[in-house]
Amino acid sequence: DRATTTVAPQALFFMNSALVMGSTEHLATTLLARIDLDDAGRLRLLYQTLYARLPTVQETERAGGAIAEFEQQQHEREPDASKRRRQAWAWWCHVLVAANEFVYVR
């Protein structure tokens, strides 16, 4: 049985944990290695993996925009486009893992 609320240490764990960061980086690397999928397909696989459901159209659009914006913002810090792409996807994976939908079983 799980509680229905999040306390600060739980939220901080998902935001700052080396375990979570490493896991989301691995997940992003795995998604990007799927050359048989486009970004929409990767997002579908990501949501199925983490949330056991497909993303809505709005979630797909929001995720695509957020990932692209993150990549663009990192342009000056990271000149390597493939590294920026992996960082952006790892960041989005981290966002989804830190969300309440991932933390709580329905």
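What percent does the relative contact order of the range 30-106 come to when contacts are Cα pairs within less than 8 Å and at least six residues apart?
Numbers: 43 pairs, mean separation 19.8, N = 77.
This gives 26 percent for the range 30-106.
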Output ³J(HN,Hα) for the range 77-94: one whole-Hz value per residue in order, computed from phi by the Karplus curve 6.51 cos²θ - 1.76 cosθ + 1.60 with θ = phi - 60°, and x for Gly and Pro. 7, 10, x, 7, 4, 5, 5, 4, 5, 5, 4, 5, 5, 4, 4, 5, 4, 5
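Whenever you get a sec, compute what percent of the accessible area on the range 14-106 sits on carbon and sulfur atoms (1.4 Å probe).
Working: 3220 of 5820 Å².
Summing carbon and sulfur atoms, their accessible area is 55 percent of the total for the range 14-106.
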Give me the one-decimal nm value for the distance between modelled label points at THR29 and LEU54, 7 Å along each residue's Cα-to-Cβ direction. 3.1 nm
Based on alpha-carbon atoms only, what is the radius of gyration of the range 56-97 relative to the globular estimate 2.2 N^0.38 Å? 1.16
What accessible area per residue, rounded to a whole number of Å², is obtained for the range 55-106 using a probe radius of 1.4 Å? 65 Å²
Apply the Karplus curve 6.51 cos²θ - 1.76 cosθ + 1.60, θ = phi - 60°, to the phi angles in the range 51-64 and return the couplings in whole Hz, x for Gly and Pro. 10, 6, 7, 7, x, 6, 4, 4, 5, 5, 5, 5, 5, x
Short version: ³J(HN,Hα) in whole Hz for each residue of the range 25-34, in order, from phi by Karplus 6.51 cos²θ - 1.76 cosθ + 1.60 (θ = phi - 60°), x for Gly and Pro, what are they? 5, 5, 4, 4, 4, 5, 5, 5, 6, 7
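The values are calculated or read from the model by the stated rules, or taken from the named source; none is laboratory data. The shown structure was predicted, so the numbers you read here are calculated from the model rather than taken from an experiment. We place every Cβ from the backbone using ideal geometry, glycine too, and count neighbours over all the protein chains shown. What goes into the accessible areas is simple: the full protein's heavy atoms, side chains included, and nothing from ligands, DNA or RNA. Shrake-Rupley method; radii C 1.70, N 1.55, O 1.52, S 1.80 Å.
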